[in-house]
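**Q** One structure coming up, written as structure tokens, with questions to follow.
None of the figures in this text is laboratory data; all of them are computed from the coordinates on show. Here the structure is a predicted model, which means the values were calculated and not measured. Cβ sites come from the backbone with ideal geometry, for glycine too, and all protein chains shown count toward neighbours.
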Amino acid sequence: MPDPVPVAERLSSRGNPAFYEVYGTRYVVQRQAHGYVERGVASWYGPDFHEKSTSSGEAYDMYGLTAAHKTLPLPCYVEVTNLSNGRRVTVRVNDRGPFKANRIIDLSYTAALKLGMLRDGTALVEVRALDPGGTLPPPAAPAAVYAQAGAFASQDNARQLKDRLAASGFTGVTVYQASRQGSPLYRVRVGPIADAATFDALVQRLEAEGVHHAWLSAPGEAEQALP
């Protein structure tokens, strides 16, 4: 099945409230998708939801190339890249979800098939919004990704977290120096991470150590790993 071509569409009359709540968490719906880029864990949903109504009011087709997202406007188009193998697919976002921790997008069966993630059920991905009529970006090469445990203006604070995690048995803990608005910023990352299952397990270990809200991250070209 060929990927859909992004086109300008009127926002759905359903599925685009200013905000909504699920399981006690409030989600604020974005008014536009332009410029959205995020890395995280993707999952997929299939037979149990096939032909049932999506948040936009359309019937879910597990054999189409669609996706669910918590806050992007419905509908919109995104390109999803599997960071483990470099495969990518364009999907039309027409549903809400996933509402499981550490998941950023829920893909249709066919989209998951094209990304090579059916067997594992999850994958580390990059999600990038596509503008209608825009040129598709070149294929992304597989990238090394990490769990970012914290970011500090103080190098000493970053090193304290690094040392604490290392003393607790974490391996691959590194402090990266970057710059934000002309000021130094020190990011503490753990990894690299091979797959989504490893990321989930690492997040749980960090939570047990009191490090909350770790997220998927990749060092930028201007960042420097400190010894």
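**Q** Quick check on G15: is it in contact with a His (Cβ under 8 Å, 6 or more places away or on another chain) and in a loop (DSSP other than H, G, I, E, B)? Explain how you work it out, then say what you get.
**A** On the way: in contact with a His (Cβ under 8 Å, 6 or more places away or on another chain): no; in a loop (DSSP other than H, G, I, E, B): yes.
Spelling it out, it is not the case that G15 is in contact with a His (Cβ under 8 Å, 6 or more places away or on another chain) and in a loop (DSSP other than H, G, I, E, B).
**Q** Is it fair to say T81 is buried (at least 20 other Cβ atoms within 10 Å of the Cβ) and within 18 Å of V29 (Cβ to Cβ)? Working first, answer last.
**A** On the way: buried (at least 20 other Cβ atoms within 10 Å of the Cβ): yes; within 18 Å of V29 (Cβ to Cβ): no.
So T81 fails the test.
**Q** Just the residues that are free of Cβ contacts under 8 Å to residues at least 40 places away in the same chain and either in a strand (DSSP E or B) or acidic (D, E) (or both), please, taken from region 144-179.
**A** Selection gives A151, F152, D156, D163, V173.
**Q** Then there is this: In region 57-80, what count of residues is obtained for those that are in a loop (DSSP other than H, G, I, E, B) and touching a helix residue (DSSP H, G or I) at 6+ places or on another chain (Cβ under 7 Å)? Can you show your working first?
**A** Let us first name the residues in region 57-80 that are in a loop (DSSP other than H, G, I, E, B), namely 57-58, 60-65, 69-75.
This time we only want the ones that are touching a helix residue (DSSP H, G or I) at 6+ places or on another chain (Cβ under 7 Å), so: 60, 62-65.
Qualifying residue count, region 57-80: 5.
**Q** If the requirement is being touching an Asp or Glu at 6+ places or on another chain (Cβ under 9 Å), closer than 19 Å to P2 by Cα and hydrophobic (A, V, I, L, M, F, W, C), which of these qualifies: A112, A67, A42? Talk me through it step by step, then tell me what you get.
**A** On the way: A112 fails: touching an Asp or Glu at 6+ places or on another chain (Cβ under 9 Å); A42 fails: closer than 19 Å to P2 by Cα.
Answer to the check: A67.
**Q** Next question, about the same structure. How many residues are in a strand (DSSP E or B) and of a type outside the set (K, R) if we restrict to region 185-218?
**A** Of the residues in region 185-218, the ones in a strand (DSSP E or B) are 185-190, 215-217.
Those still in the list that are of a type outside the set (K, R) too: 185-186, 188, 190, 215-217.
Final tally of qualifying residues: 7.
**Q** The conditions are (1) farther than 17 Å from N102 by Cα; (2) exposed (fewer than 15 other Cβ atoms within 10 Å of the Cβ); (3) touching a residue at least 40 places away in the same chain (Cβ under 8 Å), and G182 fails exactly one of them. Which is it?
**A** (3)
**Q** Now a separate question. Could you please find all residues in region 35-55 being more than 21 Å from the chain's Cα centre (by Cα), assigned to a loop (DSSP other than H, G, I, E, B) and touching a residue at least 12 places away in the same chain (Cβ under 8 Å)?
**A** The answer is H50, and nothing else.
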